[in-house]
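This report refers to the structure that appears directly beneath it.
The values are calculated or read from the model by the stated rules, or taken from the named source; none is laboratory data. Remember, predicted model here, so these are calculated numbers, not experimental data. Virtual Cβ from ideal backbone geometry, glycine too; neighbours counted across all protein chains shown. Accessible surface areas use protein heavy atoms only, side chains included; no ligands, DNA or RNA. Shrake-Rupley method; radii C 1.70, N 1.55, O 1.52, S 1.80 Å.
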Amino acid sequence: MESPPTKQTTAQATLVPPPPPPARENPVKRFLGRLKASPATKIRRRKAMNAKIHKNLGWLKLLLFIVGYVWMLVIPYPDLGRKTYSDENALQPAQVHTSYNWGDVRKADKYLEGLESLVAANATSERIATHLSDEFAKLGLLTATQAYNLSTTNDLSSGVNTYAILRSPRISGAEAILVGASWLSRTGEGDGTLNLRGVSTVLSIASFLRRSSHWAKDIIFVVSDGYMDGMQAFLTTYHGQTQSNIQAQPLRHSSGVIWTAMAIDYPAHSFSHLGVFHEALNGRLPNADLLHSFQLISRYAGGVPVIMYDHLDWREHPALRKQFDWVTPKWLPRSIRDRKELKTFAYHARNVWRHWGYQARGKASGIHGLMRQYRIDAFTMFALPAVGPHGFHAIGKTIESTLRTMNNLLERLHASVFFYTLTAPDRFIKIGNYLPSAVIVSVAMMFTGLGFWVDAGWERILVPGGKALAIGGKALAIGETAFRGEDRWKQRSRPVLAVLMIMALTHALGGALYTLCTTAVFLQNIPILLPLISLLIFGVPIILSSFIAPSASSQISKTLQALNLSFASTIISITTVLNFSLAALLCALLGLPLALGSSAAPTRSSPSSSGYPLKYPVYTLYALLGYGFLTLGLLYSPNLVVQAIQGGVRDWEAFGVWFVPLFCGVYVPLVVQAGVVVLLA
Amino acid sequence: MSATTRTTTTTKGLGVSLGATLSTITALRICLAFTKDVSTYLQYEQLLSSPLTSYTRLQEGLFLFNHDVDPYSGGLFYHSPLYLSIFSTIIPNSRFIASLLWTFADALGAWALVQIWRARQGVSSPTSRDSLVAVSYLLNPYTLLPSLALSTSSLENTLTLLAIMLASQRLHSPSLLALALLITLNPSSILLLAPVLLLLAHPTGPKSNLASPSTGSVLTTPLLKKTVLPLFAEFFAYIAVLVGASALTSGGWSWVGQNVFAGVLLPDLTPNTGLWWYFFTEMFDHFRPFFLMVFTMHLLIYIAPICVKFQHDPLFATLLLQGILGTFKAYPTLADPGLFIAMVSVFPEIYSHLRHPIVTTLLHIHAALLLPLFNHLWLAHGAGNANFFYASTLVFACANGAGVLDCLWAGLRVGIEKLSTGEKASEDVEEEWTVVQE
């Protein structure tokens, strides 16, 4: 039986003895012998198997990487998903006769007139809030205003929220539904477009609901000031939480536990579709039942088609084809480009891409996103601006019917899924069909890391034929025939402590980066300070690594790469459940780049070759991947980079979006570690 | 993350004297406890305190007790009556005092662990490893966090270490008293009784005999009769006294069902890091007694084989049984596996024989991140459910199991290693290689 030259695990660092020459036996005996092998044979077999795995590890890793990445790319493929369905029987979507009528539309128009005159008169927030509160009071609702201040390192915003509570006529309002509208529309992520029609809708819905008596839950109407800030102030106060940078007036009236909520965003004169925005802070999502119900209600009770975000389905609007050219480029032959599956794929891909953009950065796509942290399932209905055909009547009916569905709930939404990817308003992908992609990539990274770990524990020494070898102070005479001119493996200890120190140092560097990023000085002088800081992060590892003795460095490099990959893999596989888009982003940025690390370095078989010519270019590439891209971005579009950093820091300070701390404290250090691996290789 | 913290301090602790390490960390702990009220955040964490060790439940029990209501009459309080008597008489019951008490208990535990290490080495003077051993207990996140959460499992850990330390120092009666106190406070620690008795009876005590498994067998009839039996009798006497004291304190026997049998009857299904709660939430009620018996037997079944196999080194048997307790007991907290991990630092001779330390470490990192995340996802965020958290406790059990198994294997392997090099040195290389592998 041939035993491959494997790595042996003897305690004393020793040599591979050759296997004994296979004895010639008859086949039956051999077969029986296989079943009842001696321990030595068993060990040899196990070693042979381990050697085979180790030898083919490269292929296995490659296969895993390919499968993982390809899977990620085909997530929008229609057959991976399925139609949405309603899991909670109590919901009964679109099963009621709606009675929101043209009289209510008339009222909404009146409210709108009032608001428009205030805006024309350039009224202050306080004035507007008082006006809104007066209007609610006229309806006989409990109402009050709430002034707030939200201060972040670089920014101070203030405003006045208005809220009103319709007490449930039937039950003691232990639960509540929230109907909200922010003063600023989500158009352009709060670029200043006013949501006047959204606010008018809330008022007219309030006056309409006043007339009916079948509500089993309190209904809270909130008109929050600003885009997200007002709602954050309202929600933290409502839930009795203190956020150190928010000063808000206490709420004079309160209600029960809010189970579900909807935000109304209606910025233009008329609309053609209702868009669903559902991403909450830090990649959380509302229960899928809610979105499915809304989709049905809007279609059947309101008569308005539903879209994802503000994405029109280009299969119905061929004029929009241009927007999909990045998925189905023009150079593709017509026969392929016009295939139905590919068209659907392109449409889904655009939705998934938008979703990943919100989720990976942890951003909320509207005020609904602030509610998930309080276990409120919420979404924003966005009235897509168009010349027609829908207006207050359609949105009013849709809201009424949605409220009836929310009112039907006997317990919190829990039956359907919280982990999904919507590819179209009525199609979604279950967790089992997208999550494995990132997990497979992280497994490939783990295997790569463990492979390096094994490598780091072994040293290859070239044995000149027939010479005595001195190892561990003990000279062993080795038979000439057995060991002529082969290489041997010697076990060596891994410098784990030193490597962990390096890792801790890089994370400390990340911590320092985070501290710097959140100072006012930095945020006001990003174009000057960002390159300086990047240079610092670039320089520190070079200087520090020069202190490491060259004899130890390759060993440290291998071990560091092993632990770096294992840690990155752990981070990714755990993130998949919490925030798949972020995990996918990390897979793309860390997966192959970290695994390839020192593969450009000279192999151990030629240790004589001095140096590693590509060391600094590769290190620079890592620097670019980790943090340098921001500095590079400054050259092209300074404003974009400055806004991105300021926005990210503000999101963290105001709403607790984890992206910036994660970037500084985990992502940058991991890439810096990969750079150090190259420096030491 | 946890690994990095541990090592930075490890290197710091290498050259520093034990006294300096203990006092620095204790001072830091006191600062931590008072600058920001950490324990208020942590005391409700299910990972850090079980129903049997929770500080808030202890407060509830004390309140009822001080107002002349039997705290055991409701289904809320499972602590031993001794806690009631201690906190209502000797130690004033305040958050401030509690923070100090828990900090000093940790320091005492670390000191005891260092004494165990010295006893095992047979030295009484400081060694270079002292600080490392102390740090592995004091800054181990698994033991540090429950202590910050004021979980009584930290006090029980200290008692465990004290009992083992006293046994290592051949102080029979104090050791048995500490052990009896421990078992009264936390009956599932009964697993440690056999190895501690063996440790007291063993001729070479805590010295490392892993390398020579054929020597120092203590399980002979005369030795058992002459030494172990009297020790057991003494232990039993202490238990009787403590049980009497408990009965006097609580003025009845209602605590027996709530405290002594809590680990067997599983009255409270609050989730914890262990493997019991989920099974028993899912189970049909009429199967409950049967499975309670199976789970309890499963826990007890390890005692005999481990004590027999490692009769030459009872301290190592204690380590393994502590590992099994941390993995399989009914109401574990992070402190139980934490104690096992800290105790591993006393056995450096097995390190080079561990087969998969990196896999165990990675499993622990995964589990340490997943446990709080899934617990939060289920109970705070509401998006997950019990299955998520249960899955993470399974990962944690795998991590603990891998640790125990690897230690077991390495402990046996040390003996074979020495056997082969010592007795078969003259034989040819091939022979040696083969034996070494097995």
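Quick one: which residues, 5 or more positions from A:Gly159 or on another chain, have an amide H under 5 Å from its amide H? H modelled 1.01 Å from N in the peptide plane, none for Pro or chain starts.
For A:Gly159, whose amide H was placed from the backbone, the distant partners under 5 Å are A:Tyr148.
List, in order, the whole-Hz ³J(HN,Hα) value for each residue of region A:371-382 obtained from phi through the Karplus relation with A = 6.51, B = -1.76, C = 1.60 and θ = phi - 60°; use x for Gly and Pro.
Coupling constants for region A:371-382: 8, 4, 5, 9, 6, 9, 7, 8, 8, 10, 9, 10 Hz.
Nearest 10 degrees, 0 to 90: what angle lies between the long axis of helix A:526-545 and the longest principal axis of chain A (Cα atoms)?
Taking Cα atoms only, the helix is inclined about 20 degrees.
Separation of region A:37-70 and region B:31-63 by C-alpha centroid, Å?
48 Å
What FRET efficiency comes out for B:Ile416 versus A:Phe629 if R0 is 51 angstrom and r is the Cβ-Cβ distance? Round to the nearest 0.05.
0.40
Collect residues whose amide H, placed 1.01 Å from N in the peptide plane, falls under 5 Å from the amide H of A:Thr84; neighbours closer than 5 in sequence don't count.
Residues meeting the amide H criterion: A:Arg427, A:Phe428.
Averaged over B:236-242, how many beta carbons belonging to a partner chain fall within 10 Å of each residue's beta carbon?
Mean partner shielding for this stretch: 0.
Averaged across the residues of B:380-387, what count of C-beta atoms belonging to other chains lies within 10 Å of each residue's C-beta?
Going residue by residue through B:380-387 and averaging, the value is 5.
Near the amide H of A:Val96, under 5 Å away, which other amide H atoms are found, from residues 5 or more places off or on another chain, if H is placed in the peptide plane?
none
Counting protein heavy atoms only and a 1.4 angstrom probe, how many square angstrom of accessible surface do chains A and B bury in total, to the nearest 100?
Summing both sides, the interface buries roughly 3100 Å².
Just to confirm the filter: which chymotrypsin sites (Phe, Trp or Tyr not before Pro) across region A:25-97 are DSSP coil and have at most 14 other Cβ within 10 angstrom of their Cβ?
Qualifying residues, ordered by number: A:Tyr85.
Read phi for every residue in region B:73-86 and hand back ³J(HN,Hα) as whole Hz from Karplus 6.51 cos²θ - 1.76 cosθ + 1.60, θ = phi - 60°, with x for Gly and Pro.
Each residue's phi maps through the Karplus curve to give 6, x, x, 10, 10, 10, 6, 6, x, 5, 4, 4, 5, 5 Hz.
Tilt of helix A:392-407 relative to the longest C-alpha principal axis of chain A, in degrees (0 to 90, nearest 10)?
Helix A:392-407 sits at roughly 60 degrees to that axis.
Per-residue mean of other chain beta-carbon atoms within 10 angstrom of the beta-carbon, peptide A:412-419?
Taking all residues of A:412-419 together, the mean is 2.
State, to one decimal in nm, how far the label point of A:Thr620 lies from the label point of B:Thr221, with both points 7 Å from Cα in the Cβ direction.
Going from the A:Thr620 label point to the B:Thr221 one covers 8.4 nm.
Pop the C-beta distance of B:Ala247 and B:Arg288 into the FRET formula with R0 = 41 Å and round what comes out to the nearest 0.05.
Once the sixth-power term is evaluated, E becomes 0.90.
Once the cut-off is 12 Å, how many percent of the Cα-Cα pairs in region A:315-361 end up in the long-distance tail?
64 percent
Using alpha carbons only, how many degrees (0 to 90, rounded to 10) separate the axis of helix B:314-328 from the longest principal axis of chain B?
That helix lies at roughly 40 degrees to the long axis.
Apply the a/c threshold of 1.5 to the C-alpha gyration tensor of region B:13-346 and tell me whether it is rounded, prolate or oblate.
oblate
Run the numbers for A:Asn101 and A:Asp134: contour at 0.36 nm per residue of separation, minus the present Cα-Cα distance, in nm.
Gain in length upon complete extension: 9.5 nm.
Among B:282-293, B:104-115, how do they line up by average Cβ neighbours within 10 Å per residue, starting with the highest?
B:104-115, B:282-293
What does the C-alpha gyration tensor say about the overall shape of chain A? Classify as rounded when a/c is under 1.5, otherwise prolate if a/b is larger than b/c, or oblate.
Prolate, since a/c reaches 1.5 and a/b exceeds b/c.
I want to check the label-to-label distance for A:Ala588 and A:Leu156. Put each point 7 Å from Cα in the C-beta direction and report it in nm to one decimal.
4.0 nm
Just check region B:309-358 against the gyration tensor rule for me: Cα atoms, a ≥ b ≥ c as the square roots of the eigenvalues, rounded for a/c under 1.5, and otherwise prolate or oblate depending on whether a/b exceeds b/c.
It comes out oblate by the Cα gyration axes.
On full extension of the chain, what length is gained from B:Ala27 through B:Ala386, given 0.36 nm per residue of separation minus the C-alpha to C-alpha distance?
So the chain would gain 125.3 nm between B:Ala27 and B:Ala386.
At 7 Å along Cα-to-Cβ for each site, give me the label-to-label distance between B:Tyr351 and A:Ile53 in nm.
Taking the two extended label points, one gets 2.6 nm.
Indicate, rounded to the nearest 5 percent, the antiparallel portion of the DSSP beta bridges found entirely in the protein assembly as shown.
Roughly 65 percent of the DSSP beta bridges within the protein assembly as shown come out antiparallel.
With θ set to phi - 60°, apply the Karplus curve 6.51 cos²θ - 1.76 cosθ + 1.60 along region B:395-402 and write out the HN-Hα couplings as whole Hz, x wherever there is a Gly or Pro.
The phi angles translate into 4, 5, 5, 4, 4, 5, x, 4 Hz.
Mind checking the per residue accessible area of the protein assembly as shown for me, 1.4 Å probe, whole number of Å²?
Here the residues of the protein assembly as shown average 42 Å² of exposed surface.
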